[in-house]
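Peer 1: Sharing a structure below in structure tokens format, with a few things to ask.
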Amino acid sequence: MSVLASYAQTPIGSPDDLVVRHAPLVKRIAGHLLGRLPSSVQADDLVQAGLIGLLEAARNYDANHGASFETYAGIRIRGAMLDEIRRNNWAPRSVFRKARQVSDAMRKVENRLGRDAHDYEVAEELGVPISDYHRLLQQARGHNLFSIDDVGEGDLVQEGGPSPLENLQKHDFKRSLAKAIGCLPEREQLVLSLYYDEELNLREIGEVLGVSESRVSQIHSQAVLRLQSRMSTWLAV
């Protein structure tokens, strides 16, 4: 009998029932994350980690804290999956090195020109053909998955309250991140909005924009790397 099937006969409203009713949320979040991860990452590994997060959410949920169970569980599930990714370090070291090179090149071009760097300009700064640059963006997906997903989630899952200094730092970071996102090229802003706010996957975003799924992946990677470049003082890039 599967982990979920073992809960099938439990009473409505119990933690076990919450697990059964919200199990589809685990697969949905896993599918959402997989779009930004190397092909070596297995969906089953993320689902297994997510189920553990869902079980913990069901045991620890307190409706008096104000958040709905689905919101709380979503945070726990995603957090468990991100922890699993971090533990296994699925992205090769070379991916992190290449992503840093792209981010550094973007920063140099934008500092020099005083505007958003275009694809071909970053490619020229790196000394590679535009096709190789796009390939780098594809390879870099998922290298820094946590820079956006983690923002703000601690507010709902911390057991103890943060200090006033931590609250101030978090507020300043969020404000700086929001400003940086607002200054991204329009298409990059749209991709991030559709992905993080509307929770569309890469294929669905491609249908909206009229481009291929791989092109959406490139735009997403470029947006994240551009943010990383502009938030370097916060992210220690």
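Peer 1: Exactly one of (1) in a helix (DSSP H, G or I); (2) modelled with pLDDT under 85; (3) polar (S, T, N, Q) is unmet by N144. Its number?
Peer 2: Among (1) in a helix (DSSP H, G or I); (2) modelled with pLDDT under 85; (3) polar (S, T, N, Q), N144 violates only (1).
Peer 1: Just for the range 173-193: of the residues that are within 16 Å of S229 (Cβ to Cβ) and polar (S, T, N, Q), which one is farthest from the chain's Cα centre (by Cα)?
Peer 2: S176
Peer 1: Considering each of E186, E159 in turn, give the residue that is exposed (fewer than 12 other Cβ atoms within 10 Å of the Cβ), in the same structural domain as E110 (by TED's automatic domain parsing) and modelled with pLDDT of 90 or more. Don't jump to the end; show me each part of the working.
Peer 2: Details: E159 fails: modelled with pLDDT of 90 or more.
Checking each option against the conditions leaves just E186.
Peer 1: Within the range 118-132, can you find the residues that are outside any helix (DSSP H, G or I) and of a type in the set (A, V, I, L, M, F, W, C)?
Peer 2: As a first pass, look at the range 118-132 and keep what is outside any helix (DSSP H, G or I): 118, 127-129.
Within the range 118-132, V128 is the sole residue that qualifies.
Peer 1: Here's another thing I want to ask about it. Restricting to the range 189-209, name every residue that is of a type in the set (A, V, I, L, M, F, W, C), crowded, with 16+ Cβ neighbours inside 10 Å and not in a loop (DSSP other than H, G, I, E, B).
Peer 2: The initial filter retains those residues of the range 189-209 that are of a type in the set (A, V, I, L, M, F, W, C), namely 190-192, 194, 200, 202, 205, 208-209.
Restricting the remaining residues to those that are crowded, with 16+ Cβ neighbours inside 10 Å gives 190-192, 194, 200, 202, 205.
The answer is L190, V191, L192, L194, L202, I205.
Peer 1: Do you know which residues across the range 171-203 are of a type in the set (D, E), within 14 Å of Q222 (Cα to Cα) and without any contact (Cβ under 8 Å) to a residue 24 or more places away in the chain? Lay out the reasoning, then the answer.
Peer 2: Of the range 171-203, the ones of a type in the set (D, E) are 172, 186, 188, 197-199.
Right, trim to within 14 Å of Q222 (Cα to Cα) and you get 186, 188.
Once the filter is applied, which keeps residues that are of a type in the set (D, E), within 14 Å of Q222 (Cα to Cα) and without any contact (Cβ under 8 Å) to a residue 24 or more places away in the chain, the range 171-203 yields only E186.
Peer 1: Kindly check whether there is at least one residue in the range 45-55 that is closer than 25 Å to A223 by Cα, at pLDDT 85 or above and in a helix (DSSP H, G or I). Let's see the steps before the verdict.
Peer 2: Looking only at the range 45-55, we keep the residues that are closer than 25 Å to A223 by Cα, and these are 46.
In the following step, the residues that additionally are at pLDDT 85 or above were identified as 46.
Now restrict to residues that are in a helix (DSSP H, G or I): 46.
Yes.
Peer 1: Suppose the filter is more than 19 Å from the chain's Cα centre (by Cα) and at pLDDT below 80; does S39 pass it? So that I can check it myself, show each step before the final result.
Peer 2: Values: more than 19 Å from the chain's Cα centre (by Cα): no; at pLDDT below 80: yes.
Criteria not met by S39.
The values are calculated or read from the model by the stated rules, or taken from the named source; none is laboratory data. If you're wondering where the values come from, they're calculated on a predicted model, not measured in any experiment. Every residue, glycine as well, gets a Cβ built from its backbone with ideal geometry; the counts of neighbours run over all protein chains shown.
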